[in-house]
Amino acid sequence: MGVYFLMSYLLSVVGVLVGVAFLTLFERKLLGYIQLRKGPNKVWLGGFFQPFSDAMKLFTKEQTYPYMSNYLPYFISPVVSLSISLLVWVSLSWGFISMNSNLMVLFFLCCISMGVYTLMGSGWSSNSKYSLLGALRAVAQTISYEVSLALILLSFILLSSSFSLFQMVVSQSYLWFLFISPVLALLWLVSCLAETNRTPFDFAEGESELVSGYNTEYSSGGFALIMLSEYTSILFMSALFVMMFMGGLSLFFLVKFLFIVFIFVWVRGTLPRMRYDKLMHLSWKSFLPVSLNYLMFFSGYVLLF
């Protein structure tokens, strides 16, 4: 059983990494058309192999590192970051991965909490003020929105009476959670954008004075691993949104999944960047009270009925 689980998980990891490759192509193409240009279109069949040529270029370039950096955490942080992003996929309990545990929601929360340490590690170990400032911003933002994510999750744990994501899917057999609470679905989607450091919340790398944020000092393979980690998280959050709010593993799962991925890219091509203090205000003074009120409402509902 252990060998079967390992083989199934490795197969899903390969699928996720291939998905990440084509997500970058999809994003660049879509952003190109939003900005009235073509996007990648030279590398065979209208740019079909562009992600693979980018990967070859990044992983074959010379690896440089700052002379004053803390060598070990500097190199380990991107690897651990990608490992956590891939490990969290276990919590979705696909049919061919035989690990349908009843505590997968807690496992998911543990994994996204661990991501904060890799952000901080990569920014601090570079020994650069730009990287450190970018890392501090990213960590503060991630921690702030994790609170809202956890409270929204608690509401649906109460409704489904289980810590299992599979049970959440079963609870939506007759009515999607999206229709029960569209407000929480919208809050979850915006929190996912903030959690993955996406536009309009990409403050870790947004301003010119931060250069590129916590990954300023990374090049070639290290930079590629950080980008892989970010895009893997986007795919995971999209799949999780479908399972939590749109009925999960149904016939049209792929269509719903691609629609949420499209929203991630569409938002990037459409919305301007927020101000950093507005982001924190949104989290602590808007999202937190709303998600707390919903949690109390669902608690009362469960107790009564």
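Side notes on the structure shown:
- Among the residues examined, Tyr9 does not qualify as touching a residue at least 40 places away in the same chain (Cβ under 8 Å) and either of a type in the set (Val, Ile, Thr) or over 23 Å from Ser238 (Cα atoms) (or both).
- Within segment 34-67, the set of residues being of a type in the set (S, T, N, Q) and more than 26 Å from the chain's Cα centre (by Cα) comprises Asn41, Thr60, Gln63, Thr64.
- Unique match (being buried (at least 20 other Cβ atoms within 10 Å of the Cβ), polar (S, T, N, Q) and either modelled with pLDDT under 90 or not in a loop (DSSP other than H, G, I, E, B) (or both)) among Ser286, Ser233: Ser233
- So Tyr74, is it surrounded by fewer than 13 Cβ atoms within 10 Å (Cβ to Cβ) and among the hydroxyl-bearing types (Ser, Thr, Tyr): no
- Any hit, segment 111-124, residues being farther than 24 Å from Phe236 by Cβ and either in a helix (DSSP H, G or I) or touching a helix residue (DSSP H, G or I) at 6+ places or on another chain (Cβ under 6 Å) (or both): yes
- Here Leu187, Leu159, Leu133 are screened, and the one residue that is part of a helix (DSSP H, G or I) and either among the small types (Gly, Ala, Ser) or within 19 Å of Trp284 (Cα to Cα) (or both) is Leu187.
- A single entry from Met280, Met246, Met274 fulfils the requirement of being in contact (Cβ under 8 Å) with a residue 60 or more places away in the chain, farther than 24 Å from Pro78 by Cβ, in contact with a Leu (Cβ under 7 Å, 6 or more places away or on another chain) and of a type in the set (A, V, I, L, M, F, W, C): Met246.
- Selection of segment 93-113 for residues being modelled with pLDDT of 80 or more and over 13 Å from the mean Cα position of the chain (by Cα) yields Leu103, Met104, Val105, Leu106, Phe107, Cys110.
- Neighbours by Cβ (under 9 Å, 6+ apart or cross-chain): first from segment 286-304, among the β-branched types (Val, Ile, Thr); second not in a helix (DSSP H, G or I): Val302/Ser161
- Residue, farthest from Ile76 (Cα to Cα), within segment 126-141, restricted to residues that are surrounded by fewer than 21 Cβ atoms within 10 Å (Cβ to Cβ) and polar (S, T, N, Q): Ser128
The values are calculated or read from the model by the stated rules, or taken from the named source; none is laboratory data. Owing to the predicted nature of the structure, the values given are computational and were not obtained by experimental measurement. We place every Cβ from the backbone using ideal geometry, glycine too, and count neighbours over all the protein chains shown.
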